[in-house]
Amino acid sequence: MNPKHKMPKVAVLGNPNSGKSSLFNYLTGLRQDVSNFPGVTVDKKTAFIQLTDTLAVEVIDFPGTYSVFPNSSEEKLVINTITNPQDDNFPDAVIYVADVMHLDRHLLFATQIKDLGFPMILIINMIDLADDAQIKIHKEHLASYLQCEVLCISVRNHVGLDDIKPSILSLLNDNNSTPTTTIYHLSEIEQKVATQISEKLQISNLYRAKLVAHHAEWLDYINTTDKQIIKDVIESVGFQDIRLQVQETLMRFEQQDAVIKATIHKNKPENLTVTDKIDQWITHRFWGPVIFFVIMFLVFQAIYTWAELPMEWIERGFAWAGNFMSEHLTESWWSDLLVNGLLAGLGGVFVFVPQIALLFFLIALLEESGYMSRVVFMFDSVMQRFGMNGRSMVSLISSGACAIPAIMATRTISNQKERLITIMVSPLISCSARLPVYAVLIGFVVPNLKIGGFINLQGLAFMGLYLLGIVGVILSSIFFKKILKSQGTSHLMIEMPNYKPPLWTNVFLMVKEKVTAFIIGAGKIILLISVVLWFLASYGPSDEIAKSVKEAEQMIQQNHLDEKASADLMASHKLEASYIGHLGKWIEPSIRPLGFDWKIGIALLTSFAAREVFVGTMATIYSIGSDSDEKTIREKMAEETRPNSQIKVYNPATALSLLVFYVFAMQCMSTLAVTRRETNTWKWPIVQFFYMGIMAYFGAFITYQLMT
């Protein structure tokens with residue numbers, strides 16, 4: 001065991017789509033911890049599992065990797081870790097997961113891992129698919145070739161899973177599990193370079209020394225002095241990096257070809273598989289896109305229709321809780337803060353959990369089924385016309401959940417121009433943070449009616465907002481394609497997995513992880529802003545508060561208002577005289593052409609922290625009043641009228657203008673921070689912020705002027 005580790009670390013490695021994460025989910029269940037690798041915004045899933053009463057191990061699920069010669073930043077992270085014994089995440093042993101239907105391709109990385117000296121178990125996953133295809137696996141040939149234990153399993157059907165933990169325990173207890181011979185034999189020039197670097201840098205494994213020679217320029221743990229030593233060795237020997245990478249890869253495939261043939265026996269001739277037959281329709285030039293848009297239509301209908309009832313329950317629940325606490329708590333500043341600040345802010349978070357959970361649930365189903373890879377393949381040629389490629393589609397679809405992981409997903413795009421364009425336009429796709437805003441405002445524009453008892457009009461409007469964001473993506477990408485210097489185009493290489501039923505454990509864990517991240521991430525921001533807003537809306541310059549109270553009392557006497565109307569008028573005057581009222585009045589002239597009043601202006605400012613804060617802000621502002629009934633935030637907004645008139649503040653023109661603004665506006669500081677990190681400069685986040693802001697302002701302006 002690595003002396004730095006308090007307990008053994010076991011890495012789960014494999015190619016993308018191998019079932020690696022499914023196995024990790026099975027082994028760890030709900031005990032997972034999701035964080036980032038040190039210094040990078042890449043998800044790291046870890047968990048502790050108990051092998052015996054006295055032995056626990058830490059299991060780490062690494063990003064999918066094709067080879068030790070990486071083509072993306074996520075793959076580089078893996079190589080940076082597994083070639084550095086001093087890294088905190090350096091594993092003591094490896095569980096390597098391979099897809100039985102693509103064993104020939106998945107075996108390449110396995111042989112490289114083995115040559116790095118890691119004790120390893122090879123897990124051949126999806127063995128049920130091999131049985132269906134009448135394929136027999138003779139695993140003893142692989143075990144002999146890799147000098148490790150080979151297990152055939154199916155996570156989906158729970159086949160062979162009971163053997164995994166005993167095998168891990170045996171692997172960790174076997175001091176002779178690391179072979180003395182390597183699978184790949186270094187050429188003469190590779191041997192020279194590896195030997196010299198091994199001696200000069202004290203690297204015990206020759207194959208690792210060779211990889212250090214290949215990747216020294218970008219390996220984080222190699223200091224400047226050692227990089228110069230490596231450079232001198234390479235130049236003295238004539239080490240040709242790319243040629244030797246290709247040579248090694250081809251030789252490994254050639255070596256393992258005979259092993260694969262001995263391992264896999266097919267009992268029936270090659271015919272079209274079920275996956276091939278489905279793909280004839282799913283990836284069809286005409287029907288493929290039609291099927292995609294039908295699926296997206298159903299997704300948006302489901303999000304809006306299925307979530308309606310639980311959202312109403314949650315909303316009513318928070319309104320009832322606020323009313324109950326107002327009646328039973330002693331009147332004081334802290335009870336006012338609790339009810340009108342914290343509780344109102346929390347309601348603005350939890351009420352939209354059903355929609356967000358549904359969104360991630362449906363996305364997880366599409367990913368688990370293997371459909372997302374087909375979407376990338378289908379739209380590659382289309383994306384090329386807008387300066388992107390098929391992998392950009394992954395980011396754009398991911399943006400429907402959140403722009404942050406979508407921007408991080410661009411690391412798989414090797415062409416820098418295509419990657420930058422994808423980063424710049426991804427936030428225009430409506431994300432889950434916009435769902436709360438859309439859900440509140442659509443009701444003021446579109447009635448809650450159904451066509452034919454099935455198609456919800458508000459659901460159609462919901463989809464229309466997403467389509468408007470897509471139009472923004474198209475126009476913006478054309479603009480960036482013209483102004484950015486061309487660096488050539490990339491070629492799409494992607495593995496399309498077999499279609500399979502979703503693994504419900506994976507679906508559940510993804511929904512749980514994303515919803516928890518939304519509640520905690522958005523909740524912290526909204527609660528903080530709710531407290532600040534409560535203070536700014538409850539207090540103000542003392543002389544102006546006193547003046548507003550006096551004016552309100554005079555109006556109450558003159559108009560002979562009843563108790564409720566008097567309380568409403570007093571609360572309204574105090575709010576305008578508060579600190580937040582002054583701030584709102586100051587920015588109101590600039591947003592009045594969009595149909596917005598000063599209260600909406602406050603919500604626009606606070607939601608620059610995160611879009612979903614808009615609803616929390618409105619909840620707080622409209623809670624700082626006299627109503628003690630159980631009205632929801634949407635009901636309070638619907639009743640709001642402009643001063644000295646009966647004109648609704650949230651009339652169709654204003655609501656639609658506000659919706660258009662939120663479709664285009666870059667109101668997410670976290671997204672800007674990730675753009676800064678991924679582009680390594682503040683230039684592009686600033687450009688992103690201003691070009692989206694201009695689109696939002698003028699889009700809202702044109703919408704309001706046309707509607708009035």
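The values are calculated or read from the model by the stated rules, or taken from the named source; none is laboratory data. Here the structure is a predicted model, which is why all the values come from computation and not from measurement. Please note: Cβ atoms are built from the backbone with ideal geometry, for glycine as well, and neighbour counts cover all protein chains shown. Surface accessibility is based on the protein's heavy atoms, side chains included, excluding ligands, DNA and RNA. Shrake-Rupley method; radii C 1.70, N 1.55, O 1.52, S 1.80 Å.
Summary of computed values
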item: Test set (1) outside any helix (DSSP H, G or I); (2) of a type in the set (A, V, I, L, M); (3) modelled with pLDDT under 90 - residue 262 fails condition number; result: (1)
item: In region 416-433, the residues that are at pLDDT below 80 and either open to solvent by 20 Å² or more (accessible area, probe 1.4 Å) or assigned to a helix (DSSP H, G or I) (or both); result: 416, 432, 433
item: Only one of 102, 141 that is in a helix (DSSP H, G or I), surrounded by fewer than 19 Cβ atoms within 10 Å (Cβ to Cβ), touching a residue at least 24 places away in the same chain (Cβ under 8 Å) and more than 32 Å from the chain's Cα centre (by Cα); result: 141
item: Residues (open to solvent by 20 Å² or more (accessible area, probe 1.4 Å) and in a helix (DSSP H, G or I)) located in region 65-76; result: 73, 74, 76
item: Complete set of residues in region 34-62 that are open to solvent by less than 20 Å² (accessible area, probe 1.4 Å) and either at pLDDT below 85 or not in a strand (DSSP E or B) (or both); result: 37, 42, 62
item: Among (1) touching a helix residue (DSSP H, G or I) at 6+ places or on another chain (Cβ under 6 Å); (2) part of a helix (DSSP H, G or I); (3) crowded, with 22+ Cβ neighbours inside 10 Å - the single one residue 196 does not satisfy; result: (3)
item: Those residues of region 202-226 which are over 35 Å from the mean Cα position of the chain (by Cα), more than 17 Å from residue 239 (Cα to Cα) and open to solvent by less than 30 Å² (accessible area, probe 1.4 Å), in sequence order; result: 203
item: Subset of region 282-338 that is without any contact (Cβ under 8 Å) to a residue 40 or more places away in the chain and polar (S, T, N, Q) - its residue that is nearest to residue 397 (Cα to Cα); result: 335
item: Top-ranked residue in region 305-344 [being of a type in the set (Val, Ile, Thr) and open to solvent by less than 90 Å² (accessible area, probe 1.4 Å); ranked as farthest from residue 358 (Cα to Cα)]; result: 339
item: Some residue of region 171-189 being in contact with a helix residue (DSSP H, G or I) (Cβ under 7 Å, 6 or more places away or on another chain), in contact (Cβ under 8 Å) with a residue 12 or more places away in the chain, buried (at least 19 other Cβ atoms within 10 Å of the Cβ) and not in a loop (DSSP other than H, G, I, E, B); result: no
item: So residue 252, is it modelled with pLDDT of 80 or more, charged (D, E, K, R), farther than 30 Å from residue 520 by Cα and surrounded by 13 or more Cβ atoms within 10 Å (Cβ to Cβ); result: yes
item: Answer from 509, 536 - the residue that is at pLDDT 75 or above, buried (at least 16 other Cβ atoms within 10 Å of the Cβ) and closer than 30 Å to residue 101 by Cβ; result: 509
item: Residues within region 553-566 that are open to solvent by less than 40 Å² (accessible area, probe 1.4 Å) and at pLDDT below 75, tallied; result: 2
item: Residues located in region 581-598, provided they are in contact (Cβ under 8 Å) with a residue 12 or more places away in the chain, assigned to a helix (DSSP H, G or I) and more than 22 Å from residue 541 (Cα to Cα); result: 591, 593, 594
item: Residue among 642, 676 that alone is touching a residue at least 12 places away in the same chain (Cβ under 8 Å), more than 16 Å from residue 431 (Cα to Cα) and open to solvent by 50 Å² or more (accessible area, probe 1.4 Å); result: 642
item: Residues of region 665-708 classified as in contact with a helix residue (DSSP H, G or I) (Cβ under 7 Å, 6 or more places away or on another chain) and not hydroxyl-bearing (Ser, Thr, Tyr), total; result: 19
